[in-house]
Amino acid sequence: MSADPIAFLADLMHRGGPVMWPIVLCSLLAVSVTLRKACQWLRWQLSVRFGANGWRRTLAALRGGAADPDAAAGCSPYAALVAEALASRDAAFPTALEQAARARIRVLRRGLGILDTVVTLAPMLGILGTVTGIIASFDLMGSAGVEDPAGVTAGIAEALITTAAGLVVSIVALLPLNYGRAWTRDAVRGLEEAMTLAEEARAAAPSAAHPSPADAP
């Protein structure tokens, strides 16, 4: 094995054959999506934690009959959800709240489909490399017999390298995928609880203080 990691990777790519290129593309996609999702997860967790006081103030403002989006604004994602619903002029508050929540859920789930595809596709590409490597080995054996064992072993090496590479990429991408799914379920549950609290606080407000444009005659 070469001491230079770049030279080692270049040699691995050469020995693995052309199927290594889509496997590498899958790994780059997985890394890119994982980094982007990690930043999203971190921002969300920090905003929920440090925006807890703002969220309580938002609920208090709703109970007081606030209809101004600025009165409900805060650094909490739940407060931003309420502010967006209050700013809507096309639907009643519960409907606008649900629409805003759906938009955020789509953003939270974005990218997980790519990781899911990588987890499924990378091993398939590895199997494809296995097949092409074995085909190359048998083709060489048929034309040169056993006179060129190095060529035969090169085909077998291609088969094994692509299989291992595909499995490694799939296993590594599976970890953030499972974490992302679990985290997204928790985030969606938090949004649903926030929607319930917001609707209850809105319902407890003085009825004359928050007429909905969509409910007006």
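Bear in mind that the values in this text are calculations on the coordinates, not laboratory data. Keep in mind that this is a model prediction, so the values were computed, not measured. Glycine gets a Cβ as well: all are built from the backbone with ideal geometry, and neighbour counts include every protein chain shown.
Some observations on this one:
- Pairwise label distance in nanometres, Glu200 with Ala38, each label 7 Å out on the Cα-Cβ vector: 3.8
- Taking Cys39, Cys75 and counting other C-beta atoms within 10 Å, the order from fewest to most: Cys39, Cys75
- Between the residues Gly16, Trp55, Leu121, the greatest Cα displacement towards the positive end of the dipole of the stretch 1-129, with unit charges on the Cβ of Lys, Arg, Asp and Glu, is found for Trp55.
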